[in-house]
Amino acid sequence: MLALAAVPALGQKAGEPVPRPKLVVGIVVDQMRYDYLYRYWSKFGNDGFKRLLGQGFSFENTHYNYVPTYTGPGHACIYTGATPSANGIIGNNWWVREEGKGTYVTEDKTVQPVGGTSLVAGQQSPRHLLSTTIGDELRLATNFQSKVIGLSMKDRGSILPAGNGANAAYWYDGTNGAFITSTFYMKQLPDWVSKFNARGLPAQYLSKPWETLLPLADYTESSPDNVPWENGFPGEVTPTFPHNLPVLSAAPVAAVKSLEKAAGETQPKTTPQNLDLIRSTPFGNSLTADFAIETLHAEQMGQRPGITDLLAVSFSCTDYVGHQFGANAVETEDTYLRLDRDIARLLAELDKTVGPGQALVFLTADHGAAHAVGFLQEHHLPGGGVGIGIMRDSVQRVLTHRHGPGAWVLDFENLQVYLNRPLLAQKHLDLAATQAEVAAILRTLPGVAQARTATDLQASHWTEGPGMFQENGFFAPRSGDVLTVLLPGWLEAYSYPVIKGTTHGVSWQYDTHVPLLFWGWHVKHGESVVPARVVDIAATLARFLHIQEPSGCSGVPLGEVLR
Ligand SMILES: [Zn+2]
């Protein structure tokens, strides 16, 4: 009935358009573990996650196949169907050897902010992304008639999904509480975006305390509200409900100030309120849904006859909240229950604007998350925290002892050591031999399961295990010299020895296993446990649309959803 029953008719009638959905909507839920779908199941409403599952198709066994499982690489992988080895997005940050400094995944000093004045927030583009996206391919296939727009609270959550050929990407600037873009895309914001920003929704959302949606006692899926491994908001005595957002956002906070300082900006702030705080609340997701719905209307997405558009939406606040409070927190549960309502709102709007069954929707995540270390330890479960500074210092100390003084380690990023190659050359040290030395040092440290040199990694082909994840995540011009694997449950503790909140980034199940739901146009109803990979998403979309896969795509179409 549905599915590609229409396909045999292809080419039978002259002038018939290729059957395609009117709109493709990608929904990425930042840091959504697979198990959240079912952990919160009994508390979800009928019109959000349950609607997608109840009518759509779920790939229950979908994993990432590279490390690091971070936001930039995840969003790039979903939309390019490529691993970092082919799309170049090896982390959120990496060391640029030829420049002798680090870079950020969407940083681009050749462009200027549009819609704001913060250079840190606005000098962003997809230039580091080296593969086309499914949106790029859709535009190529329709001779650029299709419109492709990405939006998110995070720059990397909107820019990378949309791709180099996108019409626009919008992200949130916490210094002025606005959705902004950069001159990579346009010279000035469209009127409708300026009008949306002028409504001042962030300030409104922050004008009320964050209370739990349900009575606190109902959050039986989560740890007690007050546990020592949660990070409260700056200025909060305990990390507990209600979170008094009007008070907590009243003063400009260090985060916003440091943003400006980093950019070398001296102009006074226009707002006395810390509008960046909304990122770490569920209301940033509501704001994202508001903006997505506005985009549907203003840009007539999926409403122009015979043209397929693509809207890439990423809900970032699940990630900020998850990092701050952990995977088992009431705050995290509450954020998902509220997101469920925001997704329901978005789906209802698709029915209204594009028409029931006319949009093809998929939902997935850019990575999962580990449980908080304190939570694991309280329940006698394995896990721990490693201090990146300690790892870096250990390598630096031993190399200094053996080979003399010098800045041996230039950077320790993505669990990878970047060695000072010019210094090695100067001291006539062999690169491969020094890499092996460093790997041996790292293997002696607590929490380290394996360490592999870049030379060894490139000399072999790894078909499974941590080596495979590292090989798929390795791109020689940007990757480090030695790559570390932590033990399961172990994570980078940014403020070691204090280990609070949680993170993600490794190749163990909790970081790689994510939801994958398809819903809407020609989607069969059902579920599958066949091993699916995130790189298969773009290939599957290409099959739905009868277009080329993105240029670096290594995935294959997931045939079951197509019937
Ligand atoms: Zn993320």
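The values are calculated or read from the model by the stated rules, or taken from the named source; none is laboratory data. Just so it is clear, the model here is predicted, and its values are computed rather than measured. For neighbour counting, all protein chains shown are included, and Cβ atoms are generated from backbone atoms with ideal geometry for every residue, glycine included.
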Any hit, the range 355-371, residues being farther than 20 Å from G26 by Cα, within 16 Å of the ligand (Cβ to nearest atom) and touching a Gly at 6+ places or on another chain (Cβ under 8 Å) = yes
Considering each residue of the range 161-207, count those that are of a type in the set (K, R) and part of a helix (DSSP H, G or I), and give that number.
-> 1
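Table: residues versus (1) assigned to a loop (DSSP other than H, G, I, E, B); (2) of a type outside the set (K, R); (3) touching a residue at least 12 places away in the same chain (Cβ under 8 Å); (4) more than 16 Å from the ligand (Cβ to nearest atom).
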position	(1), (2), (3), (4)
S42	no, yes, no, yes
R51	no, no, yes, yes
V67	yes, yes, yes, no
P73	no, yes, yes, no
I90	yes, yes, yes, no
E98	yes, yes, no, yes
K109	yes, no, yes, yes
V120	no, yes, yes, yes
Check A407 against each of (1) closer than 22 Å to A476 by Cα; (2) not in a loop (DSSP other than H, G, I, E, B) and name the one condition it does not meet.
-> (2)
Taking the range 485-511, which residues are more than 15 Å from Y66 (Cβ to Cβ), outside any loop (DSSP other than H, G, I, E, B) and away from the ligand (no atom under 16 Å from the Cβ)?
-> L486, W490
Return a yes/no flag: does the range 124-142 have any residue that is more than 16 Å from the ligand (Cβ to nearest atom), more than 15 Å from the chain's Cα centre (by Cα) and surrounded by fewer than 18 Cβ atoms within 10 Å (Cβ to Cβ).
-> yes
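Listed here are the residues, each with its yes/no results for (1) within 16 Å of the ligand (Cβ to nearest atom); (2) more than 18 Å from N285 (Cα to Cα); (3) not in a loop (DSSP other than H, G, I, E, B).
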| residue | (1), (2), (3) |
| --- | --- |
| Y336 | yes, no, yes |
| D342 | no, no, yes |
| G374 | no, yes, yes |
| Q377 | no, yes, yes |
| L381 | no, yes, no |
| V398 | no, yes, yes |
Got a sec? Which of S146, S158 is in a loop (DSSP other than H, G, I, E, B), of a type in the set (S, T, Y) and buried (at least 23 other Cβ atoms within 10 Å of the Cβ)?
-> S146
Residue count, the range 21-40 (criterion: away from the ligand (no atom under 16 Å from the Cβ), within 27 Å of T503 (Cα to Cα) and either touching an Asp or Glu at 6+ places or on another chain (Cβ under 8 Å) or of a type in the set (A, V, I, L, M, F, W, C) (or both)) | 3
Quick one: how many residues across the range 475-503 are surrounded by fewer than 18 Cβ atoms within 10 Å (Cβ to Cβ) and either under 24 Å from H371 (Cβ atoms) or at pLDDT below 90 (or both)?
-> 7
Checked the range 305-329 for anything more than 19 Å from W210 (Cβ to Cβ), in contact (Cβ under 8 Å) with a residue 24 or more places away in the chain and part of a loop (DSSP other than H, G, I, E, B); matches are G306, I307, T308
Which of the residues belonging to the range 171-222 are surrounded by fewer than 20 Cβ atoms within 10 Å (Cβ to Cβ), β-branched (V, I, T) and touching a residue at least 24 places away in the same chain (Cβ under 8 Å)?
-> T183, T212
In the range 292-334, what count of residues is obtained for those that are in contact with an Asp or Glu (Cβ under 7 Å, 6 or more places away or on another chain) and away from the ligand (no atom under 16 Å from the Cβ)?
-> 7
